[in-house]
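J.: Okay, handing you the structure first.
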């Protein structure tokens, strides 16, 4: 069923009784050309692009819970392509370009909203770092502007310009950055993949990876054995656990990152703003809630919940940036499990095991990468070679010393 | 006006009237009122508008779950949007404004959305607004955003104070209702350290509107007496107006105390809110139960209220809900309300009971309609009649208030904050807290226990069990005697109601109604999480307190399964919303982070320094002189003066670590990549510290003051990190080494004295001979000053490239020594200089800082390749440094950059392109890490990291900053611009 | 994670006083091959369950501790000074 204003009108007049399921609930077939483990944003996008762009339709997405139950449904919905390193920047820009045409492409309004992402700076050193970053973006044709204090003040007059411990000097603005309604991304990809023949199988947990003669032949699941040609892991947050089923150890740790939403307020923050003197970033949703977050809790965790101390740190930074938040109330906090790689950048690669492919290590940048991650992973699975913007996301880069360390923190995942 | 106030009923103070305004209209309430009870007493039924359809809304509850009666109170920096009128205590002068309406609450154009509702069902926006694509940001979204949100936040800073506290106890009791009071009393009498908290303003919970007698006293009196006893116990902390909002690891609870939210003008010496972190051995959740709404048409209209809320307004606040009421009930609690209403003289027109028979013997005057439901109401801004559906007949009964009693759901929010999932009990027909919670028990209404006596008994028993668990003995407690309690009930849930025509709401605030759930299930969003996300049920400010269980019941019905199979969404902190102010405490404004000041801060201030934030430090940036018009002018003067005469710079904020022990040299040899084992006593050496992954971590000088004693300096930014790292190495990696570490950053005031005249100036205060022969470059030793009056450490090291020393003296003497040096150098032209000048001097000399040590460079990249010891068996980073990629061709390498035309300049962060190359990422050769105007060179100079830079000296390039529209022809060169032979260091 | 960490030297102290480094692994010997080093610096078991990691009591005794913790429940089973007792077995 195609979605449009007309379909809403006609269905509305008929009492909305004729809407059909957005995707099927098929039983698993005995064998697929490609099985994707993980029905989150990246797994569903991979399936979608496999079917749509590469003509591979005998595909199953196995999800242990419900569609979009992982990080695609528990992030702060930000999209941006303001990356520094040549190995990262073109990939995230590809993602941004895919976001820009996504809704028309999959006929689902995910509310891709390019209201801008502004990174504040508070010192000369930060300004110089943003100058370097903004210029790297410009070199790749990505939009970037360096704003001075007066320009930031015109945009966001309610930031603390006058009593701040670390006065705001300016900011790096990417106008094409913004937010997307996160759940809708999962749903849109699921619906799009399903309509092209992909089987999305929920409540189906992978419990084993079967190997014969050193190559993967299928997976044991809570719904029985399913054979496959290629097995594609897209289970960020649980990558280590899934890879372990194939005997692989990864350069990844699972960490909890909290996110928050305030009570609904009449919109006053248009785009995304990040604080430069503490861990805080915020945007305001189309429902009016301030959606915000801060830093990792700092310890390995598989529990989707965080610590009060981190909540306090985030709130402190928030009020330092916007003093008027003081009497605004925080409604809800939640935690997502991040696949923190050892250099802060992702992995899209084949593995040393035949037929086993890995998409992992997204740290806390996974949501914005969803379209490009799906597209590039599909490219790798269908063509056997990496898509050029994802060529640096090699699994062996750690061992060989070709790291993609945007923050320069080294092999310390909780600092990325 | 107060014609809804009943005489002689309730706990409000009749002789203390309180004036307030609602939407600018003056009204009067009584001391003890909430804003909600005062509004009701004034006959104000319509108090808010819903989110989506702008439906007129009244007051639904008498507590924390209120989804409808949200108002904005206060003004200016004290503006508080989305305040629940049911929780806000009335105070003199309170100003309340209704929200989400235009132009007015009574006439709200947004209500037109209701007419369009067939097209605005769950998730409609996912299916439209897609064409043409640019119109989303330009047209559709702005319209949606205009309609978004409820209250309006202030732009102004909050004038009030907040604070945070820790508390520790044996037993934390959450909720001071009958269960909690009994538990706290039991534990208190046993001598345990008890904290009892409750979100309300008066202790007692349901006892405040209960009509039963306990130990021969009225319930409210029993609550008062018990509270008095508890307050008299030194081992009990009794906190009212305090909400436990989250349960965290280690049995720590977050709670927020509203210290001054019920007063007109907060006292500045007290916070308005206080955040508590309560660490407890055991906790008892006695949070009671929430009454479940009934999902019939128009169940959101002003005048429809929860039955228990109606009872609270009646018995606690002495407010009649209307002139003629009706009660729609699925259980016996409706009859208790009927009896109370009639006793207060309020007419009950009908009791509509969904069951064939009641469990109580009702003898009141109300008409009893059994096996019937209310399926709809008449009236928009206030109800005027209800539609009662029985069999296949519908009849209308005129009323102006309707109570709904749909049974009770235990409030188990907190019990599920640490991963536990609620469990559906078929017996209790409710979701219960998960079992075997570590350190937390649930009792009373929160455990679906009904009846006063049972709750009191459970409170006592659970307190006894908890204390036994922590090794405390409890004396026996008598169970209070309860008379006249008819609150015990059992109930079968009534999920769906026949005959419904108008919208029947599940989530009131978010306007999720019955049909939305049906649509979600039909479209495949039947998983409880998907249904929540698709319809937004449970996502409003009340977090689904009233809506979740109904939504689950209705999803279960639509899917043909039991609520157990549907399960719940996840309960997350916070139980009720918590302000940024409370979470922030005192860390606001200028106090966001602590300030670190050098021991020479006041000295620098005295000499007119301009300060700059550097991490937590304030550093002197430059020292303007009168007549200088720009910082550039001051810095240029300072630079030239250092090169010509001498300058004095505060470097106290460098990290300083003292290492001692017989293995200290071996230890240093392992933490630095260059050799330290054979550093002679009395010598300083530049050291490069790597991370274990082979990249440079930090640099600094380390001096050997004695055979087994070293003095290390680190960069300012990494001082704490290096100390942690060294402690890791000493304690974890090589505990067998005899080395002790002490951070002495704050013990020393350290200053650089640099310039050709540095020695003659210093010699005036240093007793020891510091001639070049006696104290050559890189000498380091403890020295005597001022004829033995003071001792310090002197290092002949130079960041500026001049003859230079750093002298460290005990912090308290810093200012005197600095002044003495200025005095000693007066005739030699000494001047203070700041970090800006320091930066120019070091760039001229090609010295690196963390601008260059950016976490992704190895020693060879910075020209330090030869420093890396090839002979040492082991040092941190040695193994990983061998990786192919860390030695590959094309790595960024440190170079100097100068503009070809000295009149041109460029800035840090610009990128380097080969001459004539197009500005693309593929052609990116590197970037400018540091730049400054060099008075010595007479142009801008810079350091840069450029691919293969060391072999490209002399190459013409383009320095490009697209951000600024700048493109400057420049030349790569050796990174040392000044005195490349280091002659000036050795004079 | 534990809001309060049972420091063997200082007693139960708030988590904010500590700095977390990560997996409590044994550093390979100087003669170890590159594979061992790669393993030590980059690869992680990342278990769902019991986990030993290094914590530093930065704002307390300034000792490095080995905290035995469950990554799913966040319960702390044990906490000892890293210098004390036997170190966890060296990875092969």
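Where a number appears in this text, it was derived from the coordinates with a stated rule and is not lab data. Since this is a predicted model, take the numbers as computed values, not measurements. As a convention, Cβ positions derive from the backbone with ideal geometry for all residues, glycine included, and neighbour counts pool all protein chains shown.
J.: For the range B:272-428, what size does the Cα cloud have along each of its three principal axes, sorted from largest down, in whole Å?
T.: Cα extents, longest axis first: 56, 40, 33 Å.
J.: Nearest 0.05, what FRET efficiency do residue B:595 and residue B:490 give at R0 = 56 Å with Cβ-Cβ as r?
T.: 0.35
J.: Please report the spacing between the Cα centers of the range B:179-193 and the range B:206-220 in Å, no decimals.
T.: One Cα centre to the other: 19 Å.
J.: State the volume of the convex hull built on the alpha-carbon positions of the range B:495-566, expressed per residue in Å³ and rounded to an integer.
T.: Value for the range B:495-566: 79 Å³ per residue.
J.: Report the Rg/Rh value for chain C, based on alpha-carbon coordinates and the Kirkwood definition of Rh.
T.: My calculation puts Rg/Rh at 0.99.
J.: State the antiparallel share, in %, of DSSP beta bridges confined to the range B:164-259, rounding to the nearest 5.
T.: 50
J.: Could you tell me, in Å, what Rg and Dmax come out for the Cα atoms of the range B:442-496?
T.: 14.5, 50
J.: Same structure again: Per DSSP helix of 4 or more residues, -39500 (n - 2.57); summed, then divided by the residues of chain B. What does that give at 222 nm, rounded to the nearest 500?
T.: Value at 222 nm, helices only, nearest 500: -5500 deg cm²/dmol.
J.: Please identify, among A:71, A:11, A:119, the residue showing maximal mean-square fluctuation in a Gaussian network model of chain A using a 10 angstrom Cα cutoff.
T.: Among A:71, A:11, A:119, the largest GNM mean-square fluctuation belongs to A:11.
J.: Between residue B:102 and residue B:355, how many nm apart are label points set 7 Å from Cα along the C-beta direction?
T.: The two pseudo-label positions are separated by 4.9 nm.
J.: To test your reading of the geometry: what angle, between 0 and 90 degrees and rounded to tens, separates the Cα axis of helix B:452-469 from the longest principal axis of chain B?
T.: 30
J.: OK, next. With both partners inside the protein assembly as shown, how many of the DSSP beta bridges are antiparallel, as a percent to the nearest 5?
T.: Counting only bridges with both partners in the protein assembly as shown, antiparallel ones make up about 75 percent.
J.: Same structure again: What is the range B:355-423 by shape, rounded, prolate or oblate, if you read a ≥ b ≥ c off the alpha carbon gyration tensor as root eigenvalues and call it rounded for a/c under 1.5, prolate for a/b larger than b/c, and oblate otherwise?
T.: It comes out prolate by the Cα gyration axes.
J.: Which whole-number percent gives the relative contact order of chain B, counting Cα pairs below 8 Å spaced six or more residues apart?
T.: About 9 percent, as a whole number.
J.: Still on this model: Which whole-number percent of Cα pairs in the range B:573-684 have a distance greater than 21 Å?
T.: That fraction is 64 percent.
J.: Using only the Cα atoms, what convex hull volume per residue in Å³ does the range A:121-170 have?
T.: Cα-based convex hull of the range A:121-170, divided per residue, equals 63 Å³.
J.: Now for a separate question. For the protein assembly as shown, what D do you get in µm² per second when you plug the Kirkwood radius from alpha-carbon pairs into Stokes-Einstein at 37 °C and 0.692 mPa s?
T.: Value of D from the Cα-based Kirkwood radius: 94 µm²/s.
J.: What is the Cα centroid distance between the range A:318-356 and the range B:1-69, reported in whole angstrom?
T.: Cα centroid of the range A:318-356 versus Cα centroid of the range B:1-69: 43 Å apart.
J.: Hey, could you get me the Stokes-Einstein D for the range B:608-661, Kirkwood radius over alpha-carbon pairs, 10 °C and 1.306 mPa s, rounded to whole µm² s⁻¹?
T.: The calculation lands on 121 µm²/s.
J.: In the range A:344-416, if every C-alpha pair distance is counted and binned at 10 Å from zero, what percent goes to each bin?
T.: The calculated distribution, bin by bin, is 20, 52, 26, 2.
J.: Still on this structure, please answer the following. How much length would be gained if the chain were fully extended between residue B:262 and residue B:709, taking 0.36 nm per residue of separation minus their Cα-Cα distance, in nm to one decimal?
T.: 154.8 nm
J.: Could you work out the Rg to Rh ratio of the range A:36-83, with Rh taken as the Kirkwood radius (inverse of the mean 1/r over all Cα pairs)?
T.: The Rg/Rh ratio comes out at 1.05.
J.: Same structure, new question: Under the classification rounded if a/c is under 1.5, otherwise prolate if a/b is larger than b/c and oblate if not, where does the range B:107-147 fall, given a ≥ b ≥ c as square roots of the Cα gyration tensor eigenvalues?
T.: Oblate shape, in that a/c is at least 1.5 and b/c is the bigger or equal ratio.
J.: For the range B:671-784, go through all pairs of different Cα atoms, get the mean of 1/r, take its inverse, and jot down that Kirkwood value in Å.
T.: For the range B:671-784, inverting the mean 1/r across all distinct Cα pairs yields 15.9 Å.
J.: Next up: Based on the Cα atoms of the range B:112-178, what semi-axes does the equivalent ellipsoid have, where each is the square root of 5 times one gyration tensor eigenvalue, given in whole Å with the largest first?
T.: Three semi-axes, in Å: 45, 21, 14.
J.: Say R0 is 25 Å: what FRET efficiency, to the nearest 0.05, do residue A:31 and residue A:207 get from their beta-carbon distance?
T.: Working from the Cβ atoms, E equals 0.90.
J.: Size of chain A along its principal axes in angstrom, Cα-based, largest extent first?
T.: 66, 63, 41
J.: When the expected Rg is taken as 2.2 N^0.38 Å, what fraction or multiple of it is the alpha-carbon Rg of the range A:169-254?
T.: Output field value: 1.51.
J.: Sort the range B:203-346 into rounded, prolate or oblate with this rule: let a ≥ b ≥ c be the square roots of the eigenvalues of the Cα gyration tensor; rounded if a/c is under 1.5, and if a/c is not under 1.5, prolate when a/b is larger than b/c, oblate otherwise.
T.: Note, shape of the range B:203-346 comes out prolate.
J.: On a 0 to 90° scale, report how tilted helix B:719-728 is relative to the longest principal axis of chain B, with both axes built from alpha carbons and the result rounded to the nearest 10.
T.: 90
J.: Sticking with this one: Pull up the DSSP beta bridges for chain B and report the antiparallel fraction as a percent, rounded to 5.
T.: 75
J.: Taking the alpha carbon gyration tensor of the range B:49-179, what are the square roots of 5 times its eigenvalues, largest first, to the nearest whole Å?
T.: Each semi-axis is √(5λ); the values are 36, 19, 19 Å.
J.: If you average 1/r across every pair of different Cα atoms in the range B:151-251 and take the reciprocal, what Kirkwood value do you get, in Å?
T.: Evaluated over the range B:151-251, this radius sits at 15.1 Å.
J.: FRET efficiency for residue B:625 and residue A:125, Cβ-Cβ distance as r, R0 = 25 Å, nearest 0.05?
T.: 0.45
J.: Further, regarding this structure: Relative to a virtual label point 7 Å from the Cα of residue B:737 in the Cα→beta-carbon direction, which members of the range B:662-694 show backbone nitrogen distances below 13 Å?
T.: Those under the cut-off are B:662-678, B:689-690.
J.: Ok, one more. Per the Kirkwood treatment, what hydrodynamic radius in Å, one decimal, follows for the range B:889-986 from the mean inverse distance over all distinct Cα pairs?
T.: After inverting the mean inverse Cα-Cα distance, the result is 13.4 Å.
J.: Now for a different question. In the range B:751-838, what is the volume of the convex hull around the alpha carbon atoms, normalised per residue and reported in Å³?
T.: Spelled out: Cα convex hull of the range B:751-838, divided by residues, is 89 Å³.
J.: Averaged over C:12-19, how many beta carbons belonging to a partner chain fall within 10 Å of each residue's beta carbon?
T.: Mean number of neighbouring Cβ atoms from other chains: 5.
J.: Subtracting the Cα-Cα distance from 0.36 nm times the residue separation, let me have the gained length for residue B:884 to residue B:8 in nm, one decimal.
T.: Length gained between residue B:884 and residue B:8: 306.6 nm.
J.: How far is it, in nm, from the label point at residue A:161 to the one at residue B:791 when both lie 7 Å from their Cα along the line to the Cβ?
T.: Label at residue A:161, label at residue B:791, 5.5 nm between them.
J.: In square nanometres and to one decimal, what's the mean projected area of the convex hull around the Cα atoms of chain B?
T.: Result: 50.6 nm².
J.: Find the centroid of the Cα atoms in the range B:525-586 and in the range B:806-884, then give the distance between the two in whole Å.
T.: 57
J.: If I fit a long axis through the Cα atoms of helix B:219-232 and take the longest principal axis of the Cα atoms of chain B, what angle between them do I get, 0 to 90°, rounded to 10?
T.: Roughly 30 degrees between the two axes.
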